Amino acid sequence: MIKFDTHPERYAHWRMHVDGPVATLVLDVREDATIQPGYRLKLNSYDLGVDIELYDAINRIRFEHPTVKTVVLTSGKERMFCAGANIYMLGLSSHGWKVNFCKFTNETRCGMEDSSKHSGLRFIAALNGTTAGGGYEIALACDEILMVDDRSSTVSLPEVPLLGVLPGTGGLTRLVDKRKVRRDLADLFCTNADGVRAERAKQWRLVDHIATPNQFPELVQRRAEALAATSSRPDKAAGVTLTPLERRIENDRIVYSTLEISLDRMGRTATFLVKAPTEPPPTSIDDIVAQGAQWWPLRLARELDDAILMLRVNEPTIGLWLFRTSGDGALVAAYDESLAQHRAHWFVNETIGWLRRDFQRLDLSSRSLFAIIDRGSAFVGTLFEFALAADRSYMLDDTEVPAESPRVALGPMNELYTMPNGQSRLAVRFLGDDTALQAARAAIGQALDAKAAAALGLITVAPDDLDWEDEIRLAIEERAAMSPDALTGLEASLRFAGDENATTKIFGRLTAWQNWVFSRPNAVGEEGALKVYGTGKRANFDWERI
């Protein structure tokens, strides 16, 4: 079973140094410390295990080192920054593993960009040696790219000419959308396996600054300090330790403090039961910070994140996730008011950011999402975001005992948890219908029964108590029986209505192109480019353009 929680004491591939407002993450990959057997991580190449450590390190900087304003990513190897994703790992991996690996690595990189935008945490890639493929894609996620001009180091995206695949974790999109590289130069760059050296890389906007080896450390320090001066992170603050997750893994259940996941492998479904808090929120920001990692919103953020990642990788045949909630919705509303009131404080802001990225991870998961709103539910504010993220929501219209009929409520946080396209799920739900959107906003804070929620367009279906069990059962059985490939395409097309941005382009293309390319014999057939790489043989391509 693949797990995504780790600790700096267990890192095999990254070293972290904090010096005032600057943290340095040094990539020094241990060749034999692979997450799966059968390959070696040569030339500072990486696999999922390397990226799990990077993800953990960035989260610890966010919370445990709040006065860090700039993160420098560099290499501990001489004349080699990073060779990218390990090619032999890709050649040995299943199709699903490759695609999930690409998705997780890019979510981590999008998270870096999210932190720069929302938290003021800046990132610098200090390329102190040759940088290829996914190594350059790590750099592209940073605010600035600095490159050593040693007359030999290059940057490259060589996937197309060497491997028969493509820079699938955002490289192509970030080149043109983020760095504004001219299309013709980008084409030349991405089809040249040898890459380009520092001077031309700067001329083509592939990097921002270059310096000789002797001058490079001073350049890195100067730019790190300059970016730190633009940060909104605090000058003085005590960090919050990310204590080990509270988690129990059983045969058909994963139990956390804020949620439980029940697995029905025969039915290909997983049920998430998300629990409302049991105590009122702390009243002051000092008391909030004092709770640290035990503060309910942060516990929920960490545990939900872990659950999504574990299910995506370890339970690939479970294609339908059902979201239920339980507890006191009034307490959820109280926490939401506290989140909104204190969101300018670094700790609250970082917690909101983690929750925002959790819900975005749901948006980007190749799973069907249903929300089931029945008696005892607490779909309020933050927990109602599960219903807004769902492909469908079912809410019980209890005609027999109206007093026990479930209620839902929007809160201030539903406007703040943006999707990968930068818009709230509420706004995307009513895209183009401002009247419906304003009506929903006017109902913020109101407890709505099924009829009222349906009238506002906040739920999909409201069966009464006579039809409830049968309708839910049929909906689940029908969805679980449909083609997973067709559903992935359907959901990815429907979830991001309206304007696109670089992130939705990256993940839309990852879902479509990379899924397709990774299953084609030109890449993964017995004579495909990924399979014969390093053997001295030439790939045998099917020359039809499909």
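The values are calculated or read from the model by the stated rules, or taken from the named source; none is laboratory data. Predicted model only: the values in this text are computed from it and were never measured. No Cβ is skipped: glycine too gets one built from the backbone with ideal geometry, and neighbour counts run over all protein chains shown. To get the accessible areas, we keep the full protein, side chains included, count just its heavy atoms, and leave off ligands, DNA and RNA. Shrake-Rupley method; radii C 1.70, N 1.55, O 1.52, S 1.80 Å.
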All positions within the range 502-546 that are among the β-branched types (V, I, T) and surrounded by 14 or more Cβ atoms within 10 Å (Cβ to Cβ): T503, T504, I506, T511, V517, V524, V532
Total residues in the range 483-500, condition in a loop (DSSP other than H, G, I, E, B) and open to solvent by 50 Å² or more (accessible area, probe 1.4 Å): 3
Residue in the range 137-158 that is surrounded by the most Cβ atoms within 10 Å (Cβ to Cβ), counting only those that are within 19 Å of A193 (Cβ to Cβ) and without any contact (Cβ under 8 Å) to a residue 40 or more places away in the chain: L157
Of all residues making up the range 78-136, the number that are among the hydroxyl-bearing types (S, T, Y), open to solvent by less than 30 Å² (accessible area, probe 1.4 Å) and outside any strand (DSSP E or B): 7
Single residue of the range 388-434 satisfying the filter (in contact (Cβ under 8 Å) with a residue 60 or more places away in the chain and among the acidic types (D, E)) that is least open to solvent (accessible area, probe 1.4 Å): D398
Filtered residues of the range 116-133 (kept if out of contact with any helix residue (DSSP H, G or I) (no Cβ under 7 Å at 6 or more places or on another chain) and closer than 22 Å to V196 by Cβ): G129, T130, A132
Residue pairs meeting the criteria (Cβ under 6 Å; at least 6 apart or on separate chains; first more than 19 Å from I308 (Cα to Cα), in the range 2-21; second among the small types (G, A, S) and in a loop (DSSP other than H, G, I, E, B)): A12/A33
Filter result (of a type in the set (D, E, K, R) and over 26 Å from L242 (Cα atoms)) within the range 284-336: E315, R324, D328
Lone qualifier among L245, L227, L219, L298 - being assigned to a loop (DSSP other than H, G, I, E, B), farther than 27 Å from I472 by Cβ and open to solvent by less than 70 Å² (accessible area, probe 1.4 Å): L245
Search result, residues across the range 304-359 that are buried (at least 23 other Cβ atoms within 10 Å of the Cβ) and of a type in the set (S, T, Y): T325, Y335, T351
The range 476-490 residues that are farther than 19 Å from T271 by Cα, paired with ones that are open to solvent by 80 Å² or more (accessible area, probe 1.4 Å) (beta carbon under 6 Å, 6 or more apart): none
